[in-house]
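Take a look at the structure below.
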Amino acid sequence: MKDIIITPKKLKRERNIYLLSFILAFIINIIAVIVYTRPWIELISQIGYVIVISFLIYFLLWIPRGIYNAFIYLFRRKK
């Protein structure tokens with residue numbers, strides 16, 4: 001069997017993608033606090049929801065990334 005190797009470069013890329021997902025979810029939370037005129041303490045008290053939403057965003061990003069990688073795999077040149 002072939003060993004699966006996860007390079008540090010791939011780990012950093014995945015970390016950065018998740019970090020961007022978290023930041024997007026946090027920005028959505030800030031917008032919700034402003035729109036619904038809620039107290040700012042909800043930025044901290046709703047952090048669990050922000051984490052769940054950031055995982056949801058991260059997993060939803062797998063779909064276009066998977067399609068892109070499938071096309072790259074199918075149309076790459078054979079050596």
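Values quoted throughout were computed directly from the atomic coordinates according to the rules given, and no laboratory measurement underlies them. No experiment lies behind these values; they were computed from the predicted model shown. Virtual Cβ from ideal backbone geometry, glycine too; neighbours counted across all protein chains shown.
General remarks:
- Qualifying residue in the range 60-74 (condition: within 19 Å of the chain's Cα centre (by Cα) and surrounded by 14 or more Cβ atoms within 10 Å (Cβ to Cβ)): yes
- Note on the range 24-45: among residues that are part of a loop (DSSP other than H, G, I, E, B) and not charged (D, E, K, R), the one that is surrounded by the fewest Cβ atoms within 10 Å (Cβ to Cβ) is Thr37.
- Cβ pairs under 7 Å, 6+ apart, first in the range 43-57 and closer than 13 Å to Ala32 by Cα, second polar (S, T, N, Q): Leu43/Asn29; Gln46/Asn29; Val50/Asn29
- Boolean, Leu11 is of a type outside the set (Val, Ile, Thr) and under 17 Å from Leu60 (Cα atoms): no
- For the criterion of being free of Cβ contacts under 8 Å to residues at least 40 places away in the same chain, assigned to a helix (DSSP H, G or I) and of a type in the set (Ser, Thr, Tyr), Tyr18 fails.
- Pairs where the first residue, in the range 1-15, is surrounded by 10 or more Cβ atoms within 10 Å (Cβ to Cβ) and the second is of a type in the set (Phe, Trp, Tyr), C-beta under 9 Å, 6+ apart: Glu14/Tyr58
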